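Scroll down for the structure; my scribbles are underneath it.
The values are calculated or read from the model by the stated rules, or taken from the named source; none is laboratory data. Computed from a prediction, not measured in an experiment: that's the story for all the values here. Cβ: placed from backbone, ideal geometry, glycine included. Neighbour counts: every protein chain shown. To get the accessible areas, we keep the full protein, side chains included, count just its heavy atoms, and leave off ligands, DNA and RNA. Shrake-Rupley method; radii C 1.70, N 1.55, O 1.52, S 1.80 Å.
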Amino acid sequence: MGLQARRDERWDRPEGGSRLPEFEVFFRAHYRAVARLAHNVLGDFQAAQDVAQEVFLAAYRRFPGDYEQAAGWVRVAAVHSALNVLRGDRRRDKRQLLVQMVGSPPSVEDTVIEREARAELRRVLARLPRRSAAVLVMRHGGMSYVEIAEALGVKAGHVGTLLRRAESALRKEIDRETHS
Amino acid sequence: MRHIPDGVLRRLDDEPLAVPDKVIDHVSACERCGARRAEIARDTELAARLLSAPQLVHDTDIAWARLRRELHRRPDEEPGRRRRPTSVGRRGTRLPRVSLRTGMVIAALGIVLAGSAVAASLTTVFAPTHVAPLSLSQSDLQSITAFMGLGDRRPLGGFATPSGSTTFRFGTITWSSGPAHPAPSRAAAAAEAGFPVSLPARLPAGVGAVRQFIVQPRANATVKFNSTAASLGGSSVTLDAGPAVVAEYSGATSGTDVPTLGVATMRRPTALSSGASLSQIEAFLLGQPGIPAQLVEEVRLLGDLRTTLPVPVPPGASVHSVQVAGWPGVVLADSSNAAAAVVWEDGRGMLHVVAGLLDTRDVLNVADQLG
């Protein structure tokens, strides 16, 4: 597209620029999936973009030229980084987290309900065991059982068990939030 | 056969082909396993509902540009010690609170002026087909004002009078336009503007009826370069913008006089240049000392300036790229998401702005009805 062609003509490459075109191909193929995973955890567009940026910066240094292996890694890194942000925020200032996740005063009733549900989800994700939270986000972010198994270092047959436990724990925590 | 473990029942819903047939047969026949499967499915449905929220599309071009900038800036820095990258939405403070009408006027002026600045500066023929965000900081604006030699006379906030002329460092700017005025009805506004005015059929909660239509007549501005502009001397660029119609909505609660929503429609701005080529103008202006490097970078990232209308992003605003009825658009929101705007150009060469004291979702819902 025009934007791309124009940019490549004019810009000097940074150090290590010889692998930048290849990295750009990798970035463009996986950025949206990575940002979406982070968004599923954080519920915040800008914060998800920040996490995705950090993940790809790390990937650029970690995988010099071999991006085949990096596709799964960036997804897992996005989930864990986003969970770190979520838990870090929670530790720093629980109240601030609520404000951040809920956002502005709602304007429509169904939006209110939806936002409250999402804020509730962030709180619950922050409380769940890390592996449970990660497997939930990965599966419902579109990763297959095989991809999740590779990411977590378990057999694919075990993913169903982890996922079942995680979804059960999620429901119990949601019930607890609702009745507290 | 023993009862089926929960993990296998869970996978049965997601990847049934990965589960042996004998397991499927057992679940079909076993009341206990069937009941557990139903319970598992309820938990799955809850998780899916909570975790599969609709999202705006993340813009890969913008993200790549940002990442590339980071790699340029600190190529050797370890990721662990890396400062959190600066996002467009965090370059400054939050948006000042302004009235909707003021906001709409600022937005319209911003679009026209950004189009003017870029078109007048960088193109020979400017006929944008789509919009793209251009991040502007307060210092960027001050630098441009200083660079242009406008001082306090003509800050980049619009022209003070309907017509007139002024000098700047490299020549003169002459402009003319009629004043914005109310129209008695939608039909009258459309007749005066010369194009149909589409309005949303369904309004967000809190938004009342249209309280007035405002028509901004067509405006044009000509930039004539003098000899101080080196190779551009003697050439001129003429920008043509408008007309525009703004439908202003009142609040839903009676007695409140605060407008909550504005829907603006205008013809896309165009520009014609004589005497200088695109590459000459671009090389001259972007090569001038005093133009912030980051702004130059942002302008270059816009791509083909002949077909791209930059939407200025004020400091503190967040920006997302979206599709509005299939056309690329830009969504701006203040940091609390209490006020938002979406700008897009449709395939008929009309530019649309929906802005209001609403959240992003509400303005997008309105925009989608206009597409």
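Apply the Karplus parameterisation 6.51 cos²θ - 1.76 cosθ + 1.60, with θ equal to phi minus 60°, to every residue of the range B:38-47 and state each ³J(HN,Hα) to the nearest whole Hz, in sequence, with x for glycine and proline.
Listing the rounded values in order: 5, 5, 4, 5, 5, 5, 5, 5, 4, 4 Hz.
Using protein chains only (no ligands, no nucleic acids) and a 1.4 Å probe, work out which residues of the range B:20-48 have their accessible area cut by at least 10 Å² relative to the chain alone.
Buried by the other chains: B:E39, B:I40, B:D43, B:T44, B:L46, B:A47, B:A48.
Tell me the carbon and sulfur percent of the accessible area for the range B:6-51, rounded to whole percent, probe radius 1.4 Å.
Taking all protein chains in place, the range B:6-51 shows 52 percent carbon and sulfur surface.
Once phi is turned into ³J(HN,Hα) by the Karplus curve 6.51 cos²θ - 1.76 cosθ + 1.60 with θ = phi - 60°, what whole-Hz value does each residue of the range B:5-18 show in order, with x for glycine and proline?
x, 4, x, 6, 4, 5, 5, 4, 6, 8, 9, x, 5, 8
Between A:N84 and B:R202, what FRET efficiency follows from the Cβ-Cβ distance if R0 is 41 Å, with the result rounded to 0.05?
0.50
At the nearest 100 Å², what buried accessible area, both sides summed, do you get for A and B when the probe is 1.4 Å?
Buried area (both sides, nearest 100 Å²): 6000 Å².
I need the Kirkwood Rh of the range B:6-51: take the reciprocal of the average 1/r across all distinct C-alpha pairs and report it in angstrom.
Numbers: mean 1/r = 0.0917 Å⁻¹.
In the range B:6-51 this quantity evaluates to 10.9 Å.
Once label points are set 7 Å from the Cα along Cα→Cβ at both B:V296 and B:Q323, what is their separation, rounded to one decimal in nm?
The two pseudo-label positions are separated by 3.6 nm.
Going by a 1.4 Å probe on protein heavy atoms, which residues of the range A:40-74 end up with at least 10 Å² less accessible surface in the whole assembly than in their chain alone?
A:N40, A:F45, A:Q46, A:A47, A:Q49, A:D50, A:Q53, A:E54, A:L57, A:A58, A:Y60, A:R61
For the range A:33-86, what is the accessible area per residue in Å², given a 1.4 Å probe and the full set of protein chains?
28
Using amide H atoms built in the peptide plane, which far-off residues or other-chain residues are under 5 Å from B:G329 H to H?
B:V322, B:Q323, B:V324
Report the local net charge at B:V324: Lys and Arg +1, Asp and Glu -1, summed over other residues whose C-beta lies under 12 Å from its C-beta.
Details: positive: none; negative: B:E345, B:D346, B:D368.
Net of charged neighbours comes to -3.
Long-range amide H contacts for B:A244: which residues qualify at under 5 Å (H placed 1.01 Å from N, peptide plane, sequence gap of 5 or more or a different chain)?
B:Q216
Taking amide hydrogens as modeled 1.01 Å from N in the peptide plane, which residues meet the under 5 Å criterion relative to B:G251, leaving out close sequence neighbours?
Result for B:G251 returns B:G208, B:V258, B:T260.
Which order do B:R69, A:R123 take when ranked by solvent-accessible area (1.4 Å probe, heavy atoms of all protein chains), largest first?
The most accessible residue leads, giving A:R123, B:R69.
What distance in nm separates the simple spin-label points at B:R32 and A:T178, each placed 7 Å from Cα in the Cβ direction?
Using points 7 Å along Cα→Cβ, the separation is 2.8 nm.
Can you list the HN-Hα couplings for the range A:169-174, worked out from phi with the Karplus curve (6.51, -1.76, 1.60; θ = phi - 60°), rounded to whole Hz and with x for Gly and Pro?
5, 4, 4, 5, 5, 5
Enter the accessible area per residue of the range B:6-51 (Å², integer; probe 1.4 Å; all protein chains in place).
On the way: 2590 Å² over 46 residues.
On a per-residue basis, the range B:6-51 sits at 56 Å².
In nanometres, what is the gap between the two model label sites at B:R186 and B:T228, each 7 Å from Cα along Cα-to-Cβ?
With each label point 7 Å from Cα toward Cβ, the separation is 5.0 nm.
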